[in-house]
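What follows is calculated from the coordinates using simple rules that are stated; it is not laboratory data. Owing to the predicted nature of the structure, the values given are computational and were not obtained by experimental measurement. In this analysis, Cβ positions are derived from the backbone assuming ideal geometry, glycine residues included, and neighbour counts consider all displayed protein chains.
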């Protein structure tokens, strides 16, 4: 099948695909940090040394509920069926691990005297895990039973060169980064430590049988099997990616830059979709309906945002490259993609299936004025396809229906 593209591009225009409408569900917040959700409510920590708080709101917005206040530098947060858990750094020398009922009530101290607890914690059915300690060989991975009234801290791993900056857990194993470019695992109740991979990890996330992670300085997102094995680069198109989550065959991440981005890519790799361009994005969570992230600024200007998780058709059609026209659409053997160019530039043209599989790529020079490029694709079946036209400064995407 031959595809005839008439490509006309506005130089300098950034046209990103936006999936639906971004909705603010909480605002006027005091620098929110981490965010979590149970599918009914969204929970977050905010504030600094003396004015920290744990708060929640319905995923549909409404009146914000303060669960705990007067906290000392709350950072990491997690939630299960009954409780909200968080770490207070308290200047990094006398931190605490706490929990409170999701309905409010008294704050329950689980552990204190945390030396340098980081901004990550992990939960499984029975335990809470976190990294702690001091640089130079004093780093540890600790666990504590969620319901332990005595607050007994059990050290699973000790002697780390530095405190871990990323941790994840399931009911069988804990996975962590040791700041020596190693990804390691240890049995959830303790045992031998095993190196299963390597990378400069910023954040870890488990989904199915895989571990996903971001590499902040390298702008890369990768994955590998939880048991170790081949490491796959999902995208190298990120700009200082921080936290990430995985849902429904997509990886979502935030970029802690100014302006920052919230973006997604298929777990198998493919085109990056920018969901939001927003400064100071931090913390991300997902359920079966939405993704949520925090916008962290001072002076009570922080907010919690959400965006619906849509189907592939909704994803690329809503707000995506409105100035591009494809005709005819649906198409059979040929079609044209039209736009306008004012400057000459080098672009990468790619064609993806609805599953994010790359089926064609080519680097092209777009000159000022009209541009015509003929493309031949072999063995293309009926269905939904996406064109991505990308330069150093912009990304344009448009949906095409093929009917045979």
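Pop the C-beta distance of residue 150 and residue 180 into the FRET formula with R0 = 35 Å and round what comes out to the nearest 0.05.
Numbers: r = 34 Å, r/R0 = 0.96.
That gives a FRET efficiency of 0.55.
Along the Cα→Cβ direction, 7 angstrom out, place labels at residue 115 and residue 362. What is the inter-label distance in nm?
So the label points at residue 115 and residue 362 sit 6.0 nm apart.
Could you check the spin-label model distance between residue 231 and residue 22? Points 7 Å from the Cα along Cα→Cβ, value in nm.
3.2
Could you work out how much longer the chain between residue 48 and residue 209 gets when fully extended? Use 0.36 nm per residue separation minus the Cα distance between them, nm to one decimal.
Numbers: separation 161, 0.36 × 161 = 57.96 nm, distance 3.68 nm.
Separation in residues times 0.36 nm, less the Cα-Cα distance, equals 54.3 nm.
State the extension gain, in nm to one decimal, for the chain segment bounded by residue 329 and residue 194, taking 0.36 nm per residue of separation less the distance between their alpha-carbons.
Details: separation 135, 0.36 × 135 = 48.60 nm, distance 5.31 nm.
Computed gain between residue 329 and residue 194 is 43.3 nm.
Using Cα pairs closer than 8 Å and at least 6 residues apart in sequence, work out the relative contact order for segment 23-317, in percent. Walk me through the numbers on the way to the answer.
On the way: 881 pairs, mean separation 39.7, N = 295.
Relative contact order of segment 23-317: 13 percent.
Quote to one decimal, in nm, the extra length available between residue 343 and residue 288 on full extension: 0.36 nm per residue of separation minus the C-alpha distance between them. Mind showing how you got there, number by number?
Details: separation 55, 0.36 × 55 = 19.80 nm, distance 4.29 nm.
Difference between extended and current length: 15.5 nm.
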